[in-house]
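Peer 1: Before we start, here is the structure in question, set down as structure tokens.
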Amino acid sequence: MEISIVIPVWNKAEYISECLDSLLQQDFDSFEIVAVDDGSTDSSGTLCDQKAETDQRIRVIHTENGGVTAARRRGVETALGKYIVFVDADDLLLPGALKTLHQAITSTDADEVIATFCTQDGVHSPVVHEGLQPDTDGMIRAIVTGKKRFPILWAVIFRKEILSGCLDIPREIIEGEDLMMQVQVLMKQPKVWFIKDCVYAYSLGVPNTRRHTLQRAQLYDRILRDTLAPKWEEMQTAYILHQLKECEQFIVEGQPEVKKTYYRQVIGPLPQGIPLYNRVAWTLPPFISVWLIRLYKKLIRIKHHNL
């Protein structure tokens, strides 16, 4: 078995059949689909079972709800393939995706290959690298500081072994768990290869309305700090910039007190390498900096839209 496609499924009855169809129609011979029904309360699990009855390439695992990372981990643990491709239950693989990804990772002997994706509106992710990317530290810094322009899990194929120990993020982390997983992979200094092929269709869903909580931010910071520890000298500035950006998000969401109760206590003097904008926003009181932060975010959205 060459490729295992792992799909965490939780209450995606409206989408899962189309997702599975896009996988079953791939022009590639050696693959399996591992659908992990993460305690769905709708008909998602039943729909997966019905598909599995008609195609032996599908295996369905039913578990109690443990969160998306636990579902991915269970899928990887039972996967028979040499390589892992993650697909979300409301997304699609484009025609020829598996063949393209498999050819790239086998011909380059890479640990992971990163392609590109598009949205249902036809907007393509940018091509930021091509070929071998030896600067995995630079990729880590881009992810940690929120400046990455490349896929993290979507449109990526991993050598199965490289994922070992990278799918243990606690279920309390409900945002950024995919970023953390990729950072943990990259800390192993894998061989990463970029291709410009578009292989994945990402469904833009309902905007995220989750409210930040201090407890989750502190937990995420602890895990990230531990993950970066072997390269702390090179990563400290990126880590602090991550904290500054999180603090800014709290301020925008109407929780300015978090700056005083947490971030002021843990950040300390800003190191060199922190951009001027973030230094200014950090210095200003929240009732003033909130306007600067909103303006900056708006300008960034306009810039990315025009690229």
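The values are calculated or read from the model by the stated rules, or taken from the named source; none is laboratory data. Values in this document were obtained by computation on a predicted structure and should not be read as measured data. Neighbour counts run over all protein chains shown; Cβ positions are idealised from the backbone, glycine included. Please note that ligands, DNA and RNA were not included when accessible areas were found on the heavy atoms of the full protein model with its side chains. Shrake-Rupley method; radii C 1.70, N 1.55, O 1.52, S 1.80 Å.
Peer 1: How many residues are open to solvent by 10 Å² or more (accessible area, probe 1.4 Å) and under 14 Å from residue 88 (Cβ atoms) if we restrict to the range 18-33?
Peer 2: Final tally of qualifying residues: 2.
Peer 1: Here's a check for you: in the range 246-258, which residue that is out of contact with any Lys or Arg (no Cβ under 6 Å at 6 or more places or on another chain) and assigned to a helix (DSSP H, G or I) is nearest to residue 183 (Cα to Cα)?
Peer 2: 246
Peer 1: Next question, about the same structure. Is it the case that the range 87-103 has a residue that's closer than 22 Å to residue 7 by Cβ, surrounded by 14 or more Cβ atoms within 10 Å (Cβ to Cβ), of a type in the set (Lys, Arg) and modelled with pLDDT of 95 or more?
Peer 2: yes
Peer 1: Take the residues in the range 39-55 that are open to solvent by 30 Å² or more (accessible area, probe 1.4 Å), polar (S, T, N, Q) and part of a loop (DSSP other than H, G, I, E, B), then tell me which one is nearest to residue 102 (Cα to Cα).
Peer 2: The extreme case among them is 43.
Peer 1: Can you tell me which residues in the range 1-17 are more than 12 Å from residue 58 (Cα to Cα) and open to solvent by less than 10 Å² (accessible area, probe 1.4 Å)?
Peer 2: Matches in the range 1-17: 3, 9, 16.
Peer 1: Another question about this same structure. Pairs please, first residue from the range 74-85 and surrounded by fewer than 16 Cβ atoms within 10 Å (Cβ to Cβ), second anywhere and among the hydroxyl-bearing types (Ser, Thr, Tyr), Cβ atoms under 9 Å, 6+ apart in sequence or on different chains.
Peer 2: 78/4; 80/4
Peer 1: On to the next question. With the structure loaded, tell me whether residue 7 is part of a strand (DSSP E or B) and farther than 17 Å from residue 64 by Cα or whether it fails that test. Write out each step before concluding.
Peer 2: Numbers: part of a strand (DSSP E or B): yes; farther than 17 Å from residue 64 by Cα: no.
Against the criterion (part of a strand (DSSP E or B) and farther than 17 Å from residue 64 by Cα), residue 7 does not qualify.
Peer 1: Does residue 250 satisfy the condition of being more than 23 Å from residue 74 (Cα to Cα) and open to solvent by less than 30 Å² (accessible area, probe 1.4 Å)?
Peer 2: The answer is yes for residue 250.
Peer 1: On the given criteria, is residue 36 surrounded by 15 or more Cβ atoms within 10 Å (Cβ to Cβ) and of a type in the set (A, V, I, L, M, F, W, C)?
Peer 2: Yes: the conditions hold for residue 36.
Peer 1: Next question, about the same structure. Restricting to the range 145-167, give me the number of residues that are within 20 Å of residue 119 (Cβ to Cβ) and in contact (Cβ under 8 Å) with a residue 40 or more places away in the chain.
Peer 2: Looking only at that region, the number is 7.
Peer 1: Run down 243, 236, 215 and say which single residue is under 20 Å from residue 183 (Cβ atoms) and either aromatic (Phe, Trp, Tyr) or surrounded by fewer than 16 Cβ atoms within 10 Å (Cβ to Cβ) (or both).
Peer 2: 236
Peer 1: Could you tell me whether any residue of the range 27-34 is closer than 25 Å to residue 168 by Cα, touching a strand residue (DSSP E or B) at 6+ places or on another chain (Cβ under 6 Å) and not in a strand (DSSP E or B)?
Peer 2: No - not one qualifying residue is present in the range 27-34.
Peer 1: Given the criteria open to solvent by less than 80 Å² (accessible area, probe 1.4 Å), touching a Lys or Arg at 6+ places or on another chain (Cβ under 9 Å) and not small (Gly, Ala, Ser), does residue 228 qualify? First the steps, then the outcome.
Peer 2: Values: open to solvent by less than 80 Å² (accessible area, probe 1.4 Å): yes; touching a Lys or Arg at 6+ places or on another chain (Cβ under 9 Å): no; not small (Gly, Ala, Ser): yes.
No.
Peer 1: Any residue at all in the range 185-198 that is open to solvent by less than 60 Å² (accessible area, probe 1.4 Å) and either in a helix (DSSP H, G or I) or more than 27 Å from residue 88 (Cα to Cα) (or both)?
Peer 2: Checking the range 185-198: at least one residue is open to solvent by less than 60 Å² (accessible area, probe 1.4 Å) and either in a helix (DSSP H, G or I) or more than 27 Å from residue 88 (Cα to Cα) (or both).
Peer 1: Among the residues of the range 262-291, what is the count of those that are surrounded by 15 or more Cβ atoms within 10 Å (Cβ to Cβ), of a type in the set (A, V, I, L, M) and assigned to a helix (DSSP H, G or I)?
Peer 2: 3
Peer 1: In the range 104-130, what residues are within 18 Å of residue 142 (Cβ to Cβ), open to solvent by less than 20 Å² (accessible area, probe 1.4 Å) and of a type in the set (A, V, I, L, M, F, W, C)?
Peer 2: 113, 114, 115
Peer 1: Out of all the residues in the range 59-71, is one or more part of a strand (DSSP E or B), touching a Lys or Arg at 6+ places or on another chain (Cβ under 7 Å) and of a type outside the set (D, E, K, R)?
Peer 2: Within the range 59-71 (the criterion being part of a strand (DSSP E or B), touching a Lys or Arg at 6+ places or on another chain (Cβ under 7 Å) and of a type outside the set (D, E, K, R)), the answer is yes, since at least one residue qualifies.
Peer 1: Can you tell me how many residues in the range 25-46 are farther than 11 Å from residue 9 by Cα, without any contact (Cβ under 8 Å) to a residue 60 or more places away in the chain and not polar (S, T, N, Q)?
Peer 2: 3
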